[in-house]
Amino acid sequence: MSKIRVAVAGAAGRMGQTVCEAVEGADDMELVARADPALDTTLAQALAERPDVLVDFTVPDTATANAREAVGAGVHVVIGTTGFDPAELADLAGAQANIFIAPNFAIGAVLMTQFATAAARHMARAEIIELHHHTKVDAPSGTAARTASLMRDAAPEHGDVPIHSVRLPGLVAHQEVILGDVGQTLTIRHDSTDRTSFMPGVLLAVRRVPTLSQSPLVGLEHLL
Ligand SMILES: NC(=O)c1ccc[n+]([C@@H]2O[C@H](COP(=O)([O-])OP(=O)(O)OC[C@H]3O[C@@H](n4cnc5c(N)ncnc54)[C@H](O)[C@@H]3O)[C@@H](O)[C@H]2O)c1
């Protein structure tokens, strides 16, 4: 079987480097290009290598522009970049290539969001504390924003779920959802202690993005 040809945008970044290693370690994939201004390689140069899939871990404005450029070239896109509204790409539904977006590719974080959403219906109030390394550019995190939105949809009568953002050296990506009711609290916590936690989810998305039944599609839970 031919290998999936993968290009990575943001390839010099923390996540991008880890994705490049994961793709190189996958038997069914071939890393064909690394796009990043820090590597003097543009996205256009990367797309000229004719990848099947572009994986994007860059910055918010760049991610949406990159997705448009890739889809225009017929290349499927997996976006891990956070800090933009996925609705900005809604007009690309029905385009010649698919887009998959996940604010969090770690299975434990997806489960945390699902457990918190289920719990939201049963407890009176909830707040989210998300904690990340001090160089993260966006706040609140994409994971926290999505958790709060799903909890609100599940229990609109309980109102918005406030989010508190902590940025400190030494942290990677952590989130705590605390629910409170009369005489009790419930805490659901997830910790990514290493960026490799995101890689099985990223590789799964690369394999599945060409055959999505809906695009753009948001959330790893749809692929599990
Ligand atoms: N979805 C997830 O599971 C998940 C997990 C961790 C981080 N993230 C997100 O991934 C993104 C990247 O995080 P990071 O820690 O690797 O950041 P980083 O700053 O280490 O890396 C970003 C890279 O993008 C590059 N870049 C900027 N403009 C570019 C362009 N036009 N084309 C190509 N590359 C470009 C930068 O030079 C840099 O190397 C952030 O939005 C972060 O929130 C998502």
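The set of residues from region 83-118 being under 20 Å from Val53 (Cα atoms), assigned to a loop (DSSP other than H, G, I, E, B) and of a type outside the set (A, V, I, L, M, F, W, C) comprises Gly94, Gln96, Asn98, Pro103, Asn104.
Considered as a group, the residues in region 128-139 that are touching a residue at least 40 places away in the same chain (Cβ under 8 Å) and surrounded by 15 or more Cβ atoms within 10 Å (Cβ to Cβ) include one that is farthest from Asp181 (Cα to Cα), and that residue is Asp138. For region 132-152, the criterion of being at pLDDT 95 or above and farther than 30 Å from Val8 by Cα is met by at least one residue.
Among the conditions (1) touching a residue at least 40 places away in the same chain (Cβ under 8 Å); (2) exposed (fewer than 15 other Cβ atoms within 10 Å of the Cβ); (3) aliphatic (A, V, I, L, M), Ala87 misses just one, which is (1).
Scanning region 178-190 for residues that are of a type outside the set (S, T, N, Q) and either within 13 Å of the ligand (Cβ to nearest atom) or over 19 Å from the mean Cα position of the chain (by Cα) (or both) returns Ile178, Leu179, Gly180, Asp181, Val182, Gly183, Leu186, Ile188, His190. Can we say Thr58 is assigned to a helix (DSSP H, G or I) and near the ligand (Cβ under 8 Å from one of its atoms)? No: the conditions fail for Thr58.
The condition of being within 12 Å of the ligand (Cβ to nearest atom), modelled with pLDDT of 95 or more and in contact with a Cys (Cβ under 7 Å, 6 or more places away or on another chain) holds for only one of Ala11, Ala7, that being Ala11.
The rows are residues; the columns are (1) modelled with pLDDT of 95 or more; (2) aliphatic (A, V, I, L, M); (3) under 13 Å from the mean Cα position of the chain (by Cα).
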{"residue": "Pro86", "(1), (2), (3)": "no, no, yes"}
{"residue": "Ala93", "(1), (2), (3)": "yes, yes, no"}
{"residue": "Ala102", "(1), (2), (3)": "yes, yes, yes"}
{"residue": "Ala106", "(1), (2), (3)": "yes, yes, yes"}
{"residue": "Leu111", "(1), (2), (3)": "yes, yes, no"}
{"residue": "Phe115", "(1), (2), (3)": "yes, no, no"}
{"residue": "Ala124", "(1), (2), (3)": "yes, yes, no"}
{"residue": "Ile128", "(1), (2), (3)": "yes, yes, no"}
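Residues in region 37-61 that are on the phi < 0 side of the Ramachandran plot, modelled with pLDDT of 95 or more and not hydrophobic (A, V, I, L, M, F, W, C): Pro37, Thr41, Thr42, Gln45, Glu49, Pro51, Asp52, Asp56, Thr58.
Is at least one residue of region 18-40 of a type in the set (A, V, I, L, M), within 7 Å of the ligand (Cβ to nearest atom) and not in a helix (DSSP H, G or I)? Yes, that holds for at least one residue.
The set of residues from region 167-224 being free of Cβ contacts under 8 Å to residues at least 12 places away in the same chain and of a type in the set (D, E, K, R) is empty. Cβ separations smaller than 6 Å between residues 6+ apart or across chains give no pair from region 20-38 residues that are surrounded by 12 or more Cβ atoms within 10 Å (Cβ to Cβ) to residues that are among the charged types (D, E, K, R) and at pLDDT below 95.
The values are calculated or read from the model by the stated rules, or taken from the named source; none is laboratory data. Quick caveat: nothing in here was measured; it's all calculated off a predicted structure. So basically every Cβ, Gly included, is an ideal-geometry build from the backbone, and we count neighbours across all protein chains shown.
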